[in-house]
């Protein structure tokens, strides 16, 4: 009986996390680890992940382009929906500036497919189910029974070097901020 109670309490805590107001910010700098900070100025880690259409994506296929690698906690949650819609609205401008947008969460391909279809997303969202990439970048958050990726973004230059690490993300304005940085740097 106690196990069931702990499970229910854990699930309620997890659900309340996702139900937070969409205006909330991502993890504060209190939770930032040295593993996260170490990436700026260094080569991005290699990855090979499937998108919502089961197509494989690897870092090397984007050489010569800016990469916006944005992590989010959970498909179809309020903040994640808002952030995806912001990137969707600005996606043509990212493309005009030689940048690709890749969303990533720990959800599986099937979940990504539903989320992408629901929102009509024009860019890939990658399934990091085994959290290989999120672990490398130091952004997995363990909530007991559930692990999620923190809401953080890595801007990778055309040579594969991490140029920016955004560890405090406002879901309403973040896509615009990243686009402005791409325009400014390039």
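No lab work stands behind these numbers, since they all come straight from the coordinates. This structure is a prediction, so every number in the text was calculated from the model and none was measured. When we count neighbours, we look across all protein chains shown, and the Cβ atoms used for this are built from the backbone with ideal geometry, even at glycine.
At-a-glance table
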{"item": "Taking 109, 169 and counting other C-beta atoms within 10 Å, the order from fewest to most", "result": "109, 169"}
{"item": "Mean projection area, nm², convex hull over Cα of the stretch 145-184", "result": "3.7"}
{"item": "Share of alpha-carbon pairs per 5 Å distance bin for the stretch 70-186, given as whole %", "result": "2, 12, 23, 25, 21, 13, 4, 1, 0"}
{"item": "Relative contact order, percent, the stretch 76-165 [alpha-carbon distance under 8 Å, six or more residues apart]", "result": "21"}
{"item": "Contour minus Cα-Cα distance for residue 186 and residue 65 (0.36 nm per residue)", "result": "42.5 nm"}
{"item": "Rounded if a/c under 1.5, otherwise prolate or oblate - the stretch 41-117, Cα gyration tensor axes", "result": "oblate"}
{"item": "Fully extended contour minus Cα-Cα distance, from residue 172 to residue 55, at 0.36 nm per residue", "result": "39.2 nm"}
{"item": "Rounded to 5, percent antiparallel among DSSP beta bridges of the stretch 86-166", "result": "70"}
